[in-house]
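Step one of this worksheet: look at the structure below.
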């Protein structure tokens, strides 16, 4: 338990008593504490600027009156903030928690010094930039590199639950070279030195000069690298199997136990996986984090639920973007079972098509199953061998058709998608992770010429 987690737990017994007093018979709910610290550096081809430090603290109380959730939030993550937000919730929701009146006004809280970035962190980022750009001539770099630390806790009528502390190295921005600009996104939950090394490798690949031709038009067979495949699975299996309640059924959630993919395929979501951006101990409603099978042997078998959609049987996937937002069922870290093939063997099975190395973004319409993937880096495959790079393009398809035409062979090695980064759904941004082997998809539609 680190210093912030100890601070959150200092008034644990009193906090549990207060939350228990708020909830009337038949009500369900919890209090939620969050502290978020972000150290950010602005990076260019010339180097790093001095860092900025921002910290946000907040407390929320949620009361569930089926089917609605009432949410009350206040700045601050200490005992006084909890008492104030509980008073507010009691007045508006009709409860009457037992809170002892203060005999005198509470003294103003002393300003808290923000944590200072360490010289070692700045040196690691500067070294990563230098290794990625040994010769920066002709390159224009505009990045924000941030170290984000989030600590959360949930207080229920039964106890105090630490959700855990997560730390991520995140980089976003753009790289410009030879009149061409491409977005750059990176994320890693590995220890800071390892994350900085991975950031350097990703940036070095992003600035590498590549002459690109236009991709083929129309339907094409596509090999997705492990990093690209992770984004594909996130969009076409993960999001459709986030439970959305009575009125939000997706094309996959409507067909439980149906065979939608080749036998031998297993897909699961695991918020307890170590060193992953989406990991936690308890979700943001206090439910224990659980590994949830989504596809087993090619069949749909699971949904990701929160307390609203799963009740007491929530499988620990109620996640909130921050203390001001209500939790909803969301992915954490999505994993796909590997096969035995090499990337070269998958390209040979493809014959003629595309090898996609990196996908920058994706969207999916859950009810129809139509998806769109924006491809940043790819090569043409001719006669079973990757060759000339191709310009950026979009891949479109239908979820059920894509799964039905997934080649049974999969790569033997699974790797995380370091560019998967932040997932935004309904305006709520959350860190996500996972890994996948390389895969071969038949009959996707290519739309070239994306600006």
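The values are calculated or read from the model by the stated rules, or taken from the named source; none is laboratory data. Remember, it's a predicted structure, so these values are computed and weren't measured experimentally. Virtual Cβ from ideal backbone geometry, glycine too; neighbours counted across all protein chains shown.
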Original post:
Does residue 261 qualify as being part of a loop (DSSP other than H, G, I, E, B), modelled with pLDDT of 95 or more and more than 24 Å from residue 376 (Cβ to Cβ)?
Top reply: yes
Original post:
Quick one: is residue 409 over 23 Å from residue 194 (Cβ atoms), touching a strand residue (DSSP E or B) at 6+ places or on another chain (Cβ under 7 Å), assigned to a loop (DSSP other than H, G, I, E, B) and modelled with pLDDT of 90 or more?
Top reply: yes
Subject >> Residues of the stretch 173-203 satisfying the condition of being part of a strand (DSSP E or B) and farther than 17 Å from residue 139 by Cβ >> reply: 185, 187, 188
Original post:
Does the stretch 302-320 contain at least one residue that is within 26 Å of residue 409 (Cβ to Cβ) and either in the same structural domain as residue 230 (by TED's automatic domain parsing) or outside any helix (DSSP H, G or I) (or both)?
Top reply: yes
Subject >> Number of positions in the stretch 302-326 that are buried (at least 24 other Cβ atoms within 10 Å of the Cβ), touching a residue at least 60 places away in the same chain (Cβ under 8 Å) and under 15 Å from the mean Cα position of the chain (by Cα) >> reply: 3
**OP:** Look at the stretch 271-301 and say how many of its residues are touching a strand residue (DSSP E or B) at 6+ places or on another chain (Cβ under 8 Å) and not in a loop (DSSP other than H, G, I, E, B).
**Re:** 8
Subject >> Subset tally (residues that are in contact with a helix residue (DSSP H, G or I) (Cβ under 8 Å, 6 or more places away or on another chain), more than 19 Å from residue 117 (Cβ to Cβ) and surrounded by fewer than 17 Cβ atoms within 10 Å (Cβ to Cβ)) for the stretch 31-64 >> reply: 0
**OP:** Scan the stretch 368-396 residue by residue and report those that are more than 30 Å from residue 196 (Cβ to Cβ) and without any contact (Cβ under 8 Å) to a residue 60 or more places away in the chain.
**Re:** 370, 372, 382, 383, 384, 385, 387, 394, 396
Original post:
With respect to the numbered conditions (1) on the phi < 0 side of the Ramachandran plot; (2) in a loop (DSSP other than H, G, I, E, B); (3) within 16 Å of the chain's Cα centre (by Cα), which one is the sole condition not fulfilled by residue 334?
Top reply: (2)
Original post:
Regarding residue 386, is this residue surrounded by 23 or more Cβ atoms within 10 Å (Cβ to Cβ) and either in contact with a helix residue (DSSP H, G or I) (Cβ under 9 Å, 6 or more places away or on another chain) or within 23 Å of residue 338 (Cα to Cα) (or both)?
Top reply: no
